[in-house]
Ligand SMILES: [Zn+2]
């Protein structure tokens, strides 16, 4: 569609989880196919979404460490010139994980934009002085209270709301609670041009609140990190379950397919997919299962016009 006509547009900048696909040090089944250039597995960068209502100005949901590469791959985000000037007007962070925030470090060339996040996330970012290279005088950081709508772009209304999650990995110490509901892990509800979208790239459990918001949405981007809860352990890739990492599995009891079954009239798209997840292999039984349940699998560069 042409810029100028109003519609809620979402661009998937990255559809992978931490590490992307293939992950630099990984030789798991999916990564091996990706390393060898097998057409059944598309390479993926780390999760992020860009939203616009006019096609000219954009707000990003999260800034992954792959952000520079994602901007290069996305013509809508290229500077229009003359001189300096990016169509990126704002960035919303859903947590302070490296996966979500490290891309800010790539945006330090005195380009004005605004960072929106909860107080807790801004505090975590603020503790890390490396982020001071993104000069606060040029790039203000605005704390957003949960449940309070704000407009990072004219015509694009967003709201942050809490879901069960955990503190960022780099702030973990002692016993880690993964069912915490607070400012640490949030989802984004977006509304523009009369359409609604929910972005939930990390979710340990579908709460009543999240369920109600999904019911009222046109499009949902949802946590597709692992297919099974013990996937990392079973593949010898780590010692944590998905739930311990703050992610519900796609399959199984209380997995995403089951928990979101009743929302058949919402366009449901899995994103933040880990490189261990067999749904990334085109033609696999796991991919077939997800599609048969009415879900889509996000890919880098996917465009959704609502
Ligand atoms: Zn892998």
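No value in this document is a laboratory result; all are computed from the given coordinates. Remember, it's a predicted structure, so these values are computed and weren't measured experimentally. Please note: Cβ atoms are built from the backbone with ideal geometry, for glycine as well, and neighbour counts cover all protein chains shown.
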Most packed first (mean Cβ within 10 Å per residue), the peptides 40-51, 98-109 order as 40-51, 98-109
Under the Kirkwood approximation applied to all pairs of distinct alpha-carbon atoms, what is the hydrodynamic radius of the chain in Å? 19.3
Using a Gaussian network for the chain with springs between C-alpha atoms less than 10 Å apart, which of these wobbles most: 248, 130, 232? 130
Taking springs between alpha-carbon atoms closer than 10 angstrom, which of 203, 28, 187 fluctuates most in the Gaussian network model of the chain? 28
Using per-residue counts of other Cβ atoms within 10 Å, averaged over each peptide, order 77-85, 216-224 from highest down. 216-224, 77-85
The chain: most fluctuating residue of 53, 188, 133 per GNM, C-alpha cutoff 10 Å: 133
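If each DSSP helix of 4+ residues adds -39,500 (n - 2.57) and the sum is divided by the residues in the chain, what number results at 222 nm, nearest 500 deg cm²/dmol?
Value at 222 nm, helices only: -4000 deg cm²/dmol.
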